[in-house]
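These notes concern the structure reproduced below.
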Amino acid sequence: MLTLRRSNERGHANHGWLDSYHTFSFANYYDPAHMGFGSLRVINDDRIAPSRGFGTHGHRDMEIITYVLDGAVAHKDSMGSGSTIRPGNVQRMSAGRGVLHSEFNPLEDQTTHLLQIWIEPNVTGIEPEYEEQDVPEAEKRGSLRQVISPDGADGSMRIHQDARLYVGLFDGAETAELPLAAGRRAWVHVARGEVTVNGQALKAGDALALVDEAAVRISDGKQADVLVFDLA
């Protein structure tokens with residue numbers, strides 16, 4: 001079964017310094033029909049104005065993934081981690097029993113565009129963790145590169161949930177297929193460009209839910225940046 005979630009159906013909040021689209025219910029956007037998908041709880045499509053950002057705030061018991069599309073994000077947290085995340089970097093933080101952090105666009109002349117993703121963990125109250133990984137474009141070109149998993153497969157970063165995240169870039173004749181085991185479901189989010197997924201034409205901001213499907217099949221990309229979540 002395939003279910004489309006079009007970009008213009010998402011929640012939207014424009015705070016001036018932050019322009020954000022919410023795939024699932026978040027903050028003041030509430031839709032009981034879109035509270036998440038399996039353990040996938042949040043996909044926020046954020047644009048942060050130059051020299052602005054999120055001040056220090058707290059999280060707990062959530063797996064948080066940041067995927068930068070354009071610009072940069074300066075991250076600092078109460079674990080002592082601090083770095084600047086740029087396109088090609090993927091960041092994951094297990095909030096565990098509690099962590100404080102800030103996220104800031106350090107660029108004075110460029111808006112930062114990122115996806116912030118929350119996945120509900122299968123354990124609570126653990127020690128907070130932070131990790132980041134550089135994923136070269138060549139490893140995503142015309143393929144699905146695993147970046148998040150519960151077991152560190154293919155050099156991916158581990159989270160505390162039975163969930164996997166793959167990222168890929170598709171243009172022209174490039175194709176990829178991700179088999180789905182029995183009992184698994186998938187969520188495909190198009191971050192940029194256009195692409196066809198299991199026969200459905202998708203544009204930036206669109207998503208496709210797959211339930212009881214044998215595989216995710218990606219083709220006909222037009223400068224597409226795609227995220228695929230393989231979920232229990």
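Listed conditions (1) surrounded by 20 or more Cβ atoms within 10 Å (Cβ to Cβ); (2) within 25 Å of Arg5 (Cβ to Cβ) are all met by Ala95, apart from (2).
Let's see how each residue does on (1) buried (at least 17 other Cβ atoms within 10 Å of the Cβ); (2) within 20 Å of Leu114 (Cβ to Cβ); (3) out of contact with any Lys or Arg (no Cβ under 7 Å at 6 or more places or on another chain):
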site: Met1; (1), (2), (3): no, no, yes
site: Phe26; (1), (2), (3): yes, yes, yes
site: His34; (1), (2), (3): yes, no, yes
site: Ile43; (1), (2), (3): yes, yes, yes
site: Pro50; (1), (2), (3): no, yes, yes
site: His57; (1), (2), (3): no, yes, yes
site: Arg60; (1), (2), (3): no, no, no
site: Thr66; (1), (2), (3): yes, yes, yes
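The set of residues from segment 199-218 being more than 22 Å from His12 (Cα to Cα) and either in a loop (DSSP other than H, G, I, E, B) or open to solvent by 30 Å² or more (accessible area, probe 1.4 Å) (or both) comprises Gly199, Gln200, Ala201, Val211, Asp212, Glu213, Ala214, Arg217. Determine if segment 98-118 includes at least one residue that is of a type in the set (Gly, Ala, Ser), modelled with pLDDT of 95 or more, farther than 29 Å from Glu139 by Cβ and assigned to a strand (DSSP E or B). The answer is no, given that none of the residues of segment 98-118 is of a type in the set (Gly, Ala, Ser), modelled with pLDDT of 95 or more, farther than 29 Å from Glu139 by Cβ and assigned to a strand (DSSP E or B).
Contact map, segment 138-156: first residue among the charged types (D, E, K, R), second residue assigned to a strand (DSSP E or B) and open to solvent by less than 30 Å² (accessible area, probe 1.4 Å), Cβ cut-off under 6 Å, separation 6 or more or different chains; pairs are Lys140/Val167; Lys140/Gly168; Lys140/Leu169; Arg141/Leu169; Arg145/Val167; Asp154/Gln146. Among the residues of segment 181-198, those identified as in contact (Cβ under 8 Å) with a residue 40 or more places away in the chain, surrounded by fewer than 23 Cβ atoms within 10 Å (Cβ to Cβ) and not aliphatic (A, V, I, L, M) are Gly183, Arg184, Arg185, Arg192, Asn198. Contact annotation: residue pairs with Cβ atoms under 6 Å, 6 or more positions apart or on different chains, pairing a residue in segment 57-68 that is at negative phi with a partner that is surrounded by fewer than 19 Cβ atoms within 10 Å (Cβ to Cβ) and small (Gly, Ala, Ser), are Arg60/Gly98. Would you mind stating whether Arg52 is at pLDDT below 95, in contact with an Asp or Glu (Cβ under 8 Å, 6 or more places away or on another chain) and farther than 21 Å from Arg185 by Cβ? Spelling it out, it is not the case that Arg52 is at pLDDT below 95, in contact with an Asp or Glu (Cβ under 8 Å, 6 or more places away or on another chain) and farther than 21 Å from Arg185 by Cβ. Residue pairs whose Cβ atoms lie under 9 Å apart, sitting 6 or more positions apart in sequence or on different chains, and linking a residue in segment 1-21 that is under 13 Å from Ala204 (Cβ atoms) and part of a strand (DSSP E or B) to a partner that is open to solvent by less than 30 Å² (accessible area, probe 1.4 Å) and modelled with pLDDT under 95, do not occur here.
Of all residues in segment 3-24, exactly one satisfies the criterion of being surrounded by fewer than 19 Cβ atoms within 10 Å (Cβ to Cβ), of a type in the set (Ser, Thr, Tyr) and out of contact with any Leu (no Cβ under 8 Å at 6 or more places or on another chain), namely Ser7. For segment 147-198, a residue qualifies if it is among the hydroxyl-bearing types (Ser, Thr, Tyr) and outside any strand (DSSP E or B), and the qualifying residues are Ser156, Thr175.
Within segment 140-180, restricting attention to residues that are acidic (Asp, Glu) and over 21 Å from Ile119 (Cβ atoms), the residue that is least open to solvent (accessible area, probe 1.4 Å) is Glu174.
The values are calculated or read from the model by the stated rules, or taken from the named source; none is laboratory data. These numbers come from a predicted model, not from an experiment. Heads up, the Cβs are rebuilt from the backbone with ideal geometry, glycines too, and the neighbour counts pull from every protein chain shown. SASA here: full protein model, heavy atoms, side chains in, ligands and nucleic acids out. Shrake-Rupley method; radii C 1.70, N 1.55, O 1.52, S 1.80 Å.
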